[in-house]
Every structure is written in structure tokens, then in C-alpha cells.
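What follows is a short report on a single structure.
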Amino acid sequence: MPCVEAYEFTGKRPELRVTFDQDAELYERARPRYPPPLVEELGRVTGAAPGARVLEIAPGTGKLTVDLARSGCAITAVELGPSMAAVVRRQLAAFPDVDVVTADFEEWELPPQPFDAVVCATAFHWIDPALRVAKPARALRPGGLLAVVTTHHAAGGTEDFFAEAQECYERWDPATPPGLRQTPESDIVADTAEFTGSPHFADVSVHGHAQEITYTTDAYLDVLRTYSNHRALPEPARNGLLADIRELIESRYDGVVTKRYWHELITAVRIGE
């Protein structure tokens with residue numbers, strides 16, 4: 001298990017992706033939104049504006065969808081979890097041009113009219129590798145844009161806390177690699193092989209955006225409770241881990257820690273046929 005806040009599993013563990021739906025309200029409350037510069041860039045490169053048609057894959061509770069909808073574009077959001085989809089619908093109630101579909105994207109039938117953009121934020125790794133590039137390609141018009149946002153937990157913020165918390169993970173989860181540390185964002189290399197190697201896409205580009213968020217103890221533990229690998233721990237181990245992290249934050253960091261996120265916006269242009 002990765003260090004401290006833990007990355008989502010990126011291996012094919014399909015049973016884990018359904019864990020997010022078990023507490024959609026917690027996910028909505030605890031998970032951060034995306035930094036405004038990323039949202040602005042996404043709107044610009046996708047042409048999100050009145051008249052544009054956007055497909056969003058796995059919107060979760062709408063952390064990005066709300067910002068996209070404010071541009072006036074028409075959005076079809078395909079969400080696997082019914083509880084998550086219900087939160088998205090509530091969040092987007094004021095936007096009549098947003099249609100939230102509860103479905104597995106891999107099995108969902110594409111509409112006949114192509115989209116101008118396909119967007120997926122911090123969920124692309126959960127999609128079947130055999131379909132996650134090919135199916136968006138089928139959904140896009142020639143010249144349309146595929147935009148994927150990836151999120152990493154980068155070195156920064158309260159760095160001493162994250163180093164110390166590694167011991168908590170090693171204590172409660174034997175699968176934790178020993179001595180694991182956060183990676184500086186300068187050393188995080190975007191994996192674009194799927195896009196550059198696809199016959200359907202060209203002009204692949206990557207732009208990074210950082211943000212730091214300061215959490216109280218309770219708020220930080222809530223974030224941890226939304227991560228699939230934490231949720232997958234046996235209950236005694238999960239409770240022990242969270243209790244140890246609580247004690248660490250309260251006793252050594254005055255009940256407050258800051259975490260640094262590194263978001264990458266990967267875009268690719270659909271080649272015309």
C-alpha cells in the first residue's frame with residue numbers, strides 16, 4: 001500500500017471501484033475540487049461553451065462536472081454508482097443541459113451523434129484498458145478532444161508528517177512497501193503511451209497544475225476514508241491505521257496538516273476519418 005494518503009489502485013481491481021458508491025456523501029464532502037487554472041484550461045482546450053457537446057466518464061459526485069456545466073455546454077455524464085449519480089443530479093439540478101446516466105461506461109451504448117469532447121477526471125485508470133482509449137475515440141467527432149485528468153499525491157505540504165505516517169501504514173498493512181516516500185512533482189512523468197500509441201489520436205499534450213490543501217484532523221481522516229485501498233482494508237486494520245494517524249496529527253502537528261496534489265491534464269485530438 002502506498003504511503004500515507006495512498007494512491008488509488010491502478011491495477012485491474014474492478015471490485016474496488018464500486019467502493020466509492022458506498023458513501024457518496026462522504027466523497028462529496030471530503031474530496032477536493034480541481035484547481036481553477038486547470039478548469040479554465042480544460043474549458044479552453046475542449047471548447048466547452050454553449051452549443052458544445054461533452055461526454056464525461058465517471059464524474060463521481062460532479063467535482064469537475066459543475067465547473068464544466070457553468071460554461072453552458074451540454075454534458076452527458078456516465079456514472080457507474082447509483083448513489084454517486086444521485087449526488088451529481090442534485091449538484092447539477094440548476095443546469096438543464098446536463099444528463100446524468102447511471103451505467104457502466106464499458107457497456108453503455110454510445111449515442112449516434114458524436115461529441116465534441118470526452119472528459120475523464122481521476123477515474124481513467126478504472127476503465128478497462130481495452131476500451132478506455134478506443135471507446136472515447138468512437139464517441140468523438142473528427143477533431144474532437146479527449147481530456148484526461150490524473151491526480152498524484154506529490155511531495156510538499158507537511159512533509160515530515162507524511163514521512164512519519166509511513167510507519168502507521170507499515171504497522172497496519174503488511175503490503176505497504178517499506179520506506180515509501182512521496183514523489184516530487186518534477187519527477188512525476190505522465191504516462192501518455194496509450195494516447196501516443198493509438199491510431200485514433202494525435203497532438204498529445206500534458207500540462208500540470210498543483211494545489212495545496214490544509215486539513216484539520218477530522219477532514220484529513222475523511223479524505224482517507226474515501227480512498228479505495230483504505231476502504232478495502234479489514235475493519236480492524238483500517239480503524240487502527242486511522243487512529244494512529246489521528247494521534248500523530250493531534251500530538252505532533254497541532255491538529256492540522258497540508259497536502260500537495262499534482263494534477264495533470266492530458267489531451268489528445270481525434271484524428272479525422
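The values are calculated or read from the model by the stated rules, or taken from the named source; none is laboratory data. Keep in mind that what you see is a predicted model, and the values were worked out from it rather than measured. With ideal geometry, Cβ positions are generated from the backbone for all residues, glycine too; neighbour counts draw on all protein chains shown.
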Check: Assuming ALA165 fulfils every condition listed in (1) touching a Leu at 6+ places or on another chain (Cβ under 9 Å); (2) closer than 28 Å to PRO129 by Cα apart from one, which condition is it?
Finding: (2)
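Does ALA210 qualify as being under 16 Å from the mean Cα position of the chain (by Cα) and of a type in the set (A, V, I, L, M, F, W, C)? Walk me through it before giving the result.
Details: under 16 Å from the mean Cα position of the chain (by Cα): yes; of a type in the set (A, V, I, L, M, F, W, C): yes.
Yes; evaluated as a whole, the condition is true for this residue.
Could you tell me whether TRP262 is surrounded by 13 or more Cβ atoms within 10 Å (Cβ to Cβ), touching a helix residue (DSSP H, G or I) at 6+ places or on another chain (Cβ under 6 Å) and within 29 Å of LEU140 (Cβ to Cβ)?
Details: surrounded by 13 or more Cβ atoms within 10 Å (Cβ to Cβ): yes; touching a helix residue (DSSP H, G or I) at 6+ places or on another chain (Cβ under 6 Å): yes; within 29 Å of LEU140 (Cβ to Cβ): yes.
Judged against the criteria, TRP262 is a match.
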Notebook entry, point to check: Can you tell me which residue in region 171-205 is nearest to LYS135 (Cα to Cα), limited to those that are in contact with a Ser or Thr (Cβ under 8 Å, 6 or more places away or on another chain) and buried (at least 17 other Cβ atoms within 10 Å of the Cβ)?
Noted result: VAL204
Next item on the list: Look through region 168-203, keep the residues that are more than 19 Å from ALA155 (Cβ to Cβ) and small (Gly, Ala, Ser), and return whichever of them is modelled with the lowest pLDDT.
Entry: ALA175
Next item on the list: Might you check whether a residue that is within 30 Å of LEU233 (Cβ to Cβ), surrounded by fewer than 20 Cβ atoms within 10 Å (Cβ to Cβ) and within 21 Å of the chain's Cα centre (by Cα) occurs anywhere in region 130-140?
Entry: yes
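The rows are residues; the columns are (1) under 29 Å from PRO234 (Cα atoms); (2) among the β-branched types (Val, Ile, Thr).
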site: TYR34; (1), (2): no, no
site: GLU40; (1), (2): no, no
site: VAL45; (1), (2): no, yes
site: LEU68; (1), (2): no, no
site: GLU79; (1), (2): yes, no
site: MET84; (1), (2): yes, no
site: LEU110; (1), (2): no, no
site: PHE115; (1), (2): no, no
Next item on the list: Mind listing just one residue for me: the one in region 206-227 that is closer than 22 Å to GLY60 by Cα and β-branched (Val, Ile, Thr) and, of those, surrounded by the most Cβ atoms within 10 Å (Cβ to Cβ)?
Entry: THR226
Notebook entry, point to check: So how many residues does region 84-122 have that are out of contact with any Gly (no Cβ under 7 Å at 6 or more places or on another chain), among the small types (Gly, Ala, Ser) and surrounded by 17 or more Cβ atoms within 10 Å (Cβ to Cβ)?
Noted result: 3
